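Take a look at the structure set out below.
The values are calculated or read from the model by the stated rules, or taken from the named source; none is laboratory data. As the structure is a prediction and not an experimental result, all values here were calculated from the model. When we count neighbours, we look across all protein chains shown, and the Cβ atoms used for this are built from the backbone with ideal geometry, even at glycine. Ligands, DNA and RNA are excluded from the accessible area calculation, which covers all protein heavy atoms including side chains. Shrake-Rupley method; radii C 1.70, N 1.55, O 1.52, S 1.80 Å.
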Amino acid sequence: MKKKYLYTDWMADFHCVGAECPKTCCGKWNIAIKKEEIDKYKELAQRHPFGEKILEALDEERGCMKQCHGRCALLTEEGWCKIVLECGEEHLSGTCTTFPRMIQEFGDVLECTVEIACPIVAEYLFDNKRIGFCLDEIDDGTEEKPQQIDLELYDALSLARSFLIDLFQEYDASCSAGKVYILFSAVQAVRDMHGKGELSRQGMQDWLSQWDERGIAAVMGGVEPIMKREELKAVQILRLGELLISSHALEYILSDLEDSTLKEDVIRWIGGIDDFKDKLREFCHWRDEHYALALENYFVYALFREWIPHRMNMARFGKTFFIRIVMWCIIQLCALPVWERQGEVTVKEYALLVMGIERALSHSEPILDELVRVLEDENSIAKILLYLI
Ligand code: SF4
């Protein structure tokens, strides 16, 4: 069966660095193992001397690998996987084989990327290179028919996503707030059209027609002054910090960043708002000089990964983009004290921050809901934009 593979150049470039990894994915996370994989390991144990060790390391009831000192029980001190060493790579579970690759199937289109929950992938955000996209048609040699999807819906959402990705990648890089404003407008337009049963390719094309060069320039001109209100921005960002501390969401979000002092920093910054405002301005200036495309890449990555919801479940549509603003803000607030201490934040340091926050959130639906609740009173676009640092 011929299938179309739409993938990022990150996917083509990525290689796991194994034992060299600064934060292996085999640590802390519970690695999910499916029932049929457990059965295969049981069968392996009948004929391979290491099979029994694998069974001992499995938590059959919870469907995952057991942990030992916060790492997968089958990870060596040096960071190698014992299943690979003893039995061969072909015996790895689906989760271990796939991560950080992510494939979403929409009919005969397979959308493939790698996730920034891996620190090596997160480094790509800071490469100062735009994310590239490739499309190949490959016969997978099977007769398996693609799953049925609502093609009209996929088409309309793809059209909007292509426009937004082009906007983030091609328009003047200094206009990030305007781009995010248009992204939020698109979320709202899709929700409205979908709610009225009018989300179609034609409907989307009609909505997009307003965004010619003049339309975009008008938004950029209108939104950028909001971003220049530095005093207000500083107050708003610290208010978000306070809200997160009091909701306890921050504790969870920072759980993968052992050295984070963010809670103490927020309290310190609240004590001297003018000082915070100046530091924020200097830091953002430094960051934009060194990592000019980081924010664009972050949102292009999110658009490709999340704009079309998993299984096209429209009840989830758009939710993550509000959260992405908060996550971006927290990443910057964690990077700021590093920059204060050493005058720079290296790509590796930034990547570990991104990875830590992504890992905490990617497996916690309750925390995502908590963040949406925290933002409920804040969800006017102007206020949300003030978190954009
Ligand atoms: S986090 Fe990424 S680089 Fe590190 S071990 Fe996992 S896949 Fe490999």
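At 1.4 Å probe radius, can you tell me the per residue accessible area of region 238-315 in Å²?
Accessible surface, normalised per residue, equals 47 Å².
In the chain the longest region clear of trypsin sites (Lys or Arg not before Pro) that are loop-assigned by DSSP and have at most 16 other C-beta atoms within 10 Å covers 230-389. Can you pull the percent of region 267-389's accessible area that's carbon plus sulfur, 1.4 Å probe, other chains left in place? For region 267-389, the apolar C and S fraction of the accessible surface comes to 53 percent. Stretching the chain fully between GLU78 and LYS145 yields a gain of 19.8 nm (0.36 nm per residue, less the alpha carbon separation). Between ALA218 and LYS2, what is the FRET efficiency for a Förster distance of 45 Å, r being their Cβ-Cβ separation, to the nearest 0.05? Efficiency at R0 = 45 Å is approximately 0.55.
By the helix-only formula, in which each DSSP H run with n ≥ 4 contributes -39500 (n - 2.57) and the sum is divided by residues, the chain has a 222 nm mean residue ellipticity of -17500 deg cm²/dmol.
Using the C-alpha gyration tensor of region 227-385, what are the square roots of 5 times its eigenvalues, in whole angstrom, with the largest one first? Each step should come with its number before you reach the end.
Values: eigenvalues 119, 65, 53 Å².
Over the Cα atoms of region 227-385, the semi-axes work out to 24, 18, 16 Å.
Across the chain, Cα pairs under 8 Å and at least six residues apart give a relative contact order of 21 percent. The lysine pair count for region 227-385, using Cα distances under 27 Å and pairs eight or more places apart or on different chains, is 20.
Once you order the gyration tensor axes a ≥ b ≥ c over the Cα atoms, which shape class does region 245-339 get: rounded for a/c under 1.5, otherwise prolate or oblate by comparing a/b with b/c?
oblate
Taking a quarter of the surface of the Cα convex hull of the chain gives a mean projected area of 20.9 nm². In the context of the full protein assembly, LEU92 retains an accessible surface of approximately 40 Å², using a probe radius of 1.4 Å and ignoring ligands and nucleic acids. The label-point distance for GLU365 and HIS48, in a model that sets each label 7 Å from Cα toward Cβ, rounds to 3.3 nm. Computing FRET efficiency as 1/(1 + (r/R0)^6) for LYS196 and CYS134, where r is the C-beta to C-beta distance and R0 is 25 Å, gives about 0.10. Of the GluC sites (Glu not before Pro) in region 180-260, the ones in a loop by DSSP (not H, G, I, E or B) with at most 11 other beta carbons within 10 Å are GLU258. Annotation for region 1-93: GluC sites (Glu not before Pro) lying in DSSP loop with at most 11 further Cβ atoms inside 10 Å of their Cβ are GLU61, GLU77, GLU78. Under the simplified labelling scheme, the GLU89-ASP155 pair shows an inter-label distance of 4.0 nm, with each label point 7 Å from Cα along Cα→Cβ. Please list, by residue number, everything in region 295-325 whose backbone N is under 18 Å from a paramagnetic label point 7 Å out along Cα→Cβ of SER162. Backbone N within reach: 300-301, 303-309. Counting only Cβ charges, +1 for Lys and Arg and -1 for Asp and Glu, the dipole size of region 227-385 around its Cα centre is about 520 debye.
Working from label points 7 Å from Cα in the Cα-to-Cβ sense, the HIS310 to ARG229 distance is 3.7 nm. When every Cα-Cα distance of region 5-98 is counted in 10 angstrom steps from zero, the calculated P(r) takes the values 15, 48, 27, 9, 0 percent.
Computed on the Cα atoms alone, the convex hull of region 87-161 gives a volume of 157 cubic angstrom per residue.
Quick one: compute the contact order of region 6-160, relative version, from alpha carbon pairs under 8 angstrom and 6+ residues apart, as a percent. Once divided by the residue count of region 6-160, the mean separation gives 31 percent.
Taking the accessible area of region 112-247, probe 1.4 Å, and keeping the other protein chains in place, the carbon and sulfur fraction comes to 49%.
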